[in-house]
Amino acid sequence: MRIYEFLSRIAKQGETFTFEDAYRITHIDRVYLRKLLYRLERKGAVERIGRGNYIIIPLHGEKGKYTLHEFVIGSLIVKPYAIAYWSALHHYGLTEQIPGMVYIQTTSWKEKQLIEIFGVKYRIVRIKEEKMFGVRKEWIEETQVCISDKEKTIIDCLDKPHYCGGVVEVAKALRNGNLDMSRLSTYALQIGNSGVIRRLGYLCDYLNHDIVLPRIKTRNYLLLDPSMPRKGEKNAKWRLIINLDKDILGELE
């Protein structure tokens, strides 16, 4: 099979493909297929993204310089996955801050949690299977990419605030995000972390948002923002230490 014919047949399914895709489409002997893909990579016709994943370099592209949207590349790194945390906040326009890397949620084990591809850093965050919900598909450059929905993004960020720039970024998103409060409440209960319920309850009270959440019966106090120092006033209703600067919180009113 000629190289042009090979690439034409592969390209019909999109700009990305896996080794198994190529085998299924062409039925080429696996040993020969590996050699062919290696040669194509050397020629700059394809670029390998991780193990067994490739992108097709167009004729006008240049190996090492041509790339796809970072979310599309992120979708190739691990399965199952969802673009999440700070990256999802930014995707929905819920934060003005531009993340320094792409955050990817997965239930799979990955040896490296921080990967760099084409100069872009990808943070792989492993979560429990029961926390993998609230995922939708969106078209990014002709590719469907899995991304946490707006409400799940808020809940994820309250679950792991250090992956979104802190609780203040969640507060801004809650203030401006036009969110479904019923779905937020459901997700907060589903995530299985009482800290999420407490943080969400406090922020909704602060922002005068109506939401139905259970009161947590405990004597222990948690930090409103685990990424900040342990100091601040205590909130008895939600059993939180309000360790955010009052001037920062005041800007949200």
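The values are calculated or read from the model by the stated rules, or taken from the named source; none is laboratory data. Not measured: the values here are computed from a predicted model. For neighbour counting, all protein chains shown are included, and Cβ atoms are generated from backbone atoms with ideal geometry for every residue, glycine included.
Quick look at the numbers
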| item | result |
| --- | --- |
| Cβ pairs under 8 Å, 6+ apart, first in segment 85-99 and more than 15 Å from H162 (Cα to Cα), second of a type in the set (S, T, Y) and part of a helix (DSSP H, G or I) | Y92/T153; L94/T153 |
| Within segment 180-192, tally of residues that are outside any helix (DSSP H, G or I) and surrounded by 16 or more Cβ atoms within 10 Å (Cβ to Cβ) | 1 |
| So L37, is it in contact with a Lys or Arg (Cβ under 9 Å, 6 or more places away or on another chain) and crowded, with 18+ Cβ neighbours inside 10 Å | yes |
| Where T16 falls short, out of the listed (1) in contact with a strand residue (DSSP E or B) (Cβ under 8 Å, 6 or more places away or on another chain); (2) in the same structural domain as R175 (by TED's automatic domain parsing); (3) polar (S, T, N, Q) | (2) |
| Test: residue in segment 151-170 that is surrounded by fewer than 19 Cβ atoms within 10 Å (Cβ to Cβ), under 27 Å from the mean Cα position of the chain (by Cα) and at pLDDT below 90 | no |
| Counted residues, segment 114-150 - those being within 15 Å of Y187 (Cβ to Cβ) and either among the acidic types (D, E) or assigned by TED's automatic domain parsing to the domain that holds E15 (or both) | 2 |
| Among (1) under 25 Å from F71 (Cα atoms); (2) assigned to a helix (DSSP H, G or I), the one test that P58 misses | (2) |
| Count of segment 233-253 residues which are in a loop (DSSP other than H, G, I, E, B) and at pLDDT 90 or above | 5 |
| Flag if Y206 is in contact with a Lys or Arg (Cβ under 6 Å, 6 or more places away or on another chain) and either among the hydroxyl-bearing types (S, T, Y) or not assigned by TED's automatic domain parsing to the domain that holds S148 (or both) | no |
| Residues (within 26 Å of the chain's Cα centre (by Cα) and not hydrophobic (A, V, I, L, M, F, W, C)) located in segment 18-52 | T18, E20, D21, E47, R48, G50, R51, G52 |
| Selection within segment 193-229 - hydrophobic (A, V, I, L, M, F, W, C), part of a loop (DSSP other than H, G, I, E, B) and farther than 15 Å from D245 by Cα | L207, I211, V212, L213, I216 |
| Test: residue in segment 59-67 that is surrounded by 16 or more Cβ atoms within 10 Å (Cβ to Cβ), touching a strand residue (DSSP E or B) at 6+ places or on another chain (Cβ under 9 Å) and in contact (Cβ under 8 Å) with a residue 40 or more places away in the chain | yes |
